[in-house]
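Only the coordinates and a few stated rules stand behind these numbers; no lab work does. This one's a predicted model, so the numbers in the text were calculated from it and none came from an experiment. Using ideal geometry, Cβ is built from the backbone for each residue, glycine included, and neighbour counts are taken over all protein chains shown.
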Amino acid sequence: MTNLTQKQHAILEFLKKFQQLHGIMPTAQEIAGHFDFKSPNAVTCHLRLLRKKGAITSEPNKARSHRLTSPLQKLRGTLLDIPIYGSIPAGFAENREQEAEGCVSVDINSIGYKPSRNAFALRVNGDSMIGRHIMDGDIVVMEPGPEPRNGEVVAALIDGACTLKTYVVKGGKPWLKAENPNYPNLIPAQELVIQGVFRSLIRPARA
């Protein structure tokens, strides 16, 4: 940050090294002792200017609450945590219960839409959706609730088995289309329940 004074740069560097060494931020007294400030008001003044210039954030009247601000902070959008409910077959439908296995943090500017609080993610298992560029090992972000439109990718329960397929309505009857010629399309014998509509794709790095 080029608008910082030499002393402010020195204080910022001290905060960084102190945190790396001790795992916590220094108190105002520790900062004053390091720089031989005669008055704690000098520390307060410098920290206030660092906050004003966006170099740090902190909670008022709380010791060790300083946080270094990333230079990319202004470019970052809102971060949201989306629960991952296990995997979903992108192949033949399977009987499988979904269990939460953590979450994935997403920047809404990066994924192209703002997930609702009910959004969930699934790991793709299989290659029946490669025609829609959804690969084995990808993470798909799904939204429950909205009625799917013809041609949208959905997570669905078909006759009790879950799968990821393209939702198709023909002649007033819905069915599920595989996007790989090695797999059959799926026509429900009794029941088709849409669990979520595909909204975004996260592709982990592969070796």
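Observations
- Karplus-derived 3J(HN,Hα) values for segment 189-205, using 6.51 cos²θ - 1.76 cosθ + 1.60 with θ = phi - 60°, are 7, 10, 9, 10, 10, 8, 8, x, 10, 4, 10, 7, 10, 10, 10, x, 5 Hz; glycine and proline are entered as x.
- Exposed-site-free run, longest, the chain (rule: trypsin sites (Lys or Arg not before Pro); DSSP loop; at most 12 other C-beta within 10 Å): 150-205
- Sites Ser116 and His22 - FRET efficiency at Förster radius 30 Å, r taken between beta-carbons, to 0.05: 0.15
- Evaluated with a Cβ-only charge set (Lys, Arg +1; Asp, Glu -1), segment 5-66 carries a dipole of roughly 200 debye about its Cα centre, given to the nearest 20.
- Compared with the dominant principal axis of the Cα atoms in the chain, helix 40-52 is inclined by about 40°.
- Counting other Cβ atoms within 10 Å as a rough exposure proxy, the listed residues Ile82, Ile187 run Ile187, Ile82 from fewest neighbours to most.
- Least to most buried among Thr166, Thr44, Thr69 (fewest other Cβ within 10 Å first): Thr44, Thr69, Thr166
- Length-normalised contact order for the chain - Cα pairs under 8 Å, 6+ apart - percent: 15 percent
- The chain - mean residue ellipticity at 222 nm from DSSP helices (-39,500 (n - 2.57) per run, n ≥ 4, rounded to 500): -6000 deg cm²/dmol
- Using C-alpha pairs below 8 Å separated by at least 6 residues, the relative contact order for segment 6-72 is 26 percent.
- The fewest-to-most ranking of Glu152, Glu179, Glu59 by surrounding Cβ atoms within 10 Å reads Glu59, Glu152, Glu179.
- Here the Gaussian network model covers the chain, with springs between Cα atoms less than 10 Å apart; of Val104, Val154, Val169, Val169 fluctuates the most.
- Charge dipole (debye, nearest 20) of the chain; +1 at Cβ of Lys and Arg, -1 at Cβ of Asp and Glu: 1260 debye
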